Amino acid sequence: MATGNSAVSVGGTSEANVYCRELVRKHDYEAYLCSYFYPRAVQPGYFALRAFNIELAMIRETVSRPIIGKMRMQFWRDAIKSITDNRPVKHPIAIALHEASQQAKLPPYYLKRMVDARDEDLDRESHMMLEGVTQYAESTSSTLLYLLLSLLQQSHSDSLAHAASHVGIAQSFVTLLRALPFHATRRRMVIPVEITAKHGVRQEDVFRMGSDAQGIDDAVFEFATVANDHILTARDTFKDSGVPGEAMPVFLSAVPVVSFLGRLEDANFNAFAPQLQARSWRLPLSIWRASRSRRF
């Protein structure tokens, strides 16, 4: 059966870890920046989980038909079972995840939940309701943060999980907003219909006209406001004493979210503004400051 990357050459654990780190460096610059603030001992596990997330996210954009995507999703379900059986399939991400699972309790349920959510999204052109895209975000980005808390032995805290849920949802919404121009070229609307309809947005206009489509900036503003509300809720969890130091690396994921929302506001909520596709030169310093202050 095809894997997520048929060109992968499989070696030992060391090669698998290098593969995962390079995949993150290439495809998730913000996550790569955050990696420096994880304890060295868990960095291989961090890169394994991040690479797993990237692999799943890329399937939709790299297959010609949804059925092929579903076959690849099934490969990853089987891979998760092979990891729990201590017989990981010969794929570098699976090998690296298996090593990480030997060092920390990584619930297979969470890994499978991420696969199932991506699978269900393969042939979905848009979400009708905000509730639907929120559930998708919870099952993908938030679930990844739960796994990272487990990696740091911090999964025992309900308050940490609560905050991680909101950060993950905000992160997912920002990812969708940032990718709005990309998805529009593929005739997909990432903002829920519940919001676009309220502002009189016609999807066809967005696909053809981009930022000139009537109401799209207002729809972007509303969706961004919801994302920001989730960040505010997460912050409220730590308003008295800041994020516990042991868990802070996980919550550095919020810093790029806050950064993008600020840049989006500066662009008057024009998600098609070219400057939003460029990396923020301030971001590395912002992540460092958040790590020092234990606030985001």
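The values are calculated or read from the model by the stated rules, or taken from the named source; none is laboratory data. Note that this is a predicted model, so its numbers are computed, not measured. Quick reminder, even Gly has a Cβ in these numbers, built from the backbone with ideal geometry, and neighbours come from all protein chains shown.
Counting just the residues of the stretch 187-201 that are assigned to a loop (DSSP other than H, G, I, E, B) and not small (G, A, S), which one comes out surrounded by the fewest Cβ atoms within 10 Å (Cβ to Cβ)? Once the filter is applied, the top-ranked residue is R187. Listed by first and then second residue, the pairs linking a residue in the stretch 232-250 that is assigned to a loop (DSSP other than H, G, I, E, B) to a residue that is of a type in the set (S, T, N, Q) and surrounded by 14 or more Cβ atoms within 10 Å (Cβ to Cβ), with Cβ atoms under 6 Å apart and 6 or more places separating them unless they lie on different chains, are E246/Q154; A247/Q154.
Restricting attention to helices (runs of 4 or more DSSP H) lying wholly within the stretch 12-69, give those where 3 or more residues are of a type outside the set (A, V, I, L, M, F, W, C) and over 18 Å from L252 (Cβ atoms).
Ranges flagged: 13-27, 43-62.
For G168, are the conditions met, namely being small (G, A, S), within 18 Å of the chain's Cα centre (by Cα) and surrounded by fewer than 19 Cβ atoms within 10 Å (Cβ to Cβ)?
Here the answer is no, as G168 does not meet what is asked.
When L147 is tested against (1) under 30 Å from V250 (Cα atoms); (2) assigned by TED's automatic domain parsing to the domain that holds P249; (3) surrounded by fewer than 23 Cβ atoms within 10 Å (Cβ to Cβ), just one condition goes unmet, and that condition is (3).
Does the stretch 29-38 contain any residue that is within 30 Å of F182 (Cβ to Cβ) and either assigned by TED's automatic domain parsing to the domain that holds L152 or modelled with pLDDT under 95 (or both)? Checking the stretch 29-38: not a single residue is within 30 Å of F182 (Cβ to Cβ) and either assigned by TED's automatic domain parsing to the domain that holds L152 or modelled with pLDDT under 95 (or both). In the stretch 27-43, the residues that are on the phi > 0 side of the Ramachandran plot and touching a residue at least 60 places away in the same chain (Cβ under 8 Å) form no Cβ pair under 6 Å with any partner that is small (G, A, S) and part of a helix (DSSP H, G or I), whether six or more places apart or across chains.
Please specify each residue of the stretch 174-205 satisfying the condition of being within 27 Å of M58 (Cα to Cα) and either free of Cβ contacts under 8 Å to residues at least 24 places away in the same chain or not assigned by TED's automatic domain parsing to the domain that holds F269 (or both).
Within the stretch 174-205, A179, F182, H183, T185, R186, T196, E204, D205 qualify.
Would the stretch 108-130 turn up any residue that is out of contact with any Asp or Glu (no Cβ under 8 Å at 6 or more places or on another chain), surrounded by 22 or more Cβ atoms within 10 Å (Cβ to Cβ) and small (G, A, S)? So far as the stretch 108-130 goes, no, none of its residues is out of contact with any Asp or Glu (no Cβ under 8 Å at 6 or more places or on another chain), surrounded by 22 or more Cβ atoms within 10 Å (Cβ to Cβ) and small (G, A, S).
The number of residues in the stretch 14-51 that are over 16 Å from T175 (Cβ atoms) and either in contact with a helix residue (DSSP H, G or I) (Cβ under 7 Å, 6 or more places away or on another chain) or surrounded by 17 or more Cβ atoms within 10 Å (Cβ to Cβ) (or both) comes to 20. For the stretch 202-231, the set of residues classified as more than 21 Å from V257 (Cα to Cα) and either in contact with a Cys (Cβ under 7 Å, 6 or more places away or on another chain) or part of a helix (DSSP H, G or I) (or both) consists of Q203, E204, D205, V206, F207, R208, M209, G210, S211, D212, listed by residue number.
Test S253 against the stated conditions and say whether it is in the same structural domain as S165 (by TED's automatic domain parsing) and free of Cβ contacts under 8 Å to residues at least 60 places away in the same chain.
No; evaluated as a whole, the condition is false for this residue.
You will find that of R279, R292, the residue that is of a type in the set (D, E, K, R) and assigned to a helix (DSSP H, G or I) is R292 and no other. Would you confirm whether or not the stretch 84-95 contains a residue that is more than 21 Å from the chain's Cα centre (by Cα), modelled with pLDDT of 95 or more, β-branched (V, I, T) and surrounded by fewer than 23 Cβ atoms within 10 Å (Cβ to Cβ)? Yes: one or more hits.
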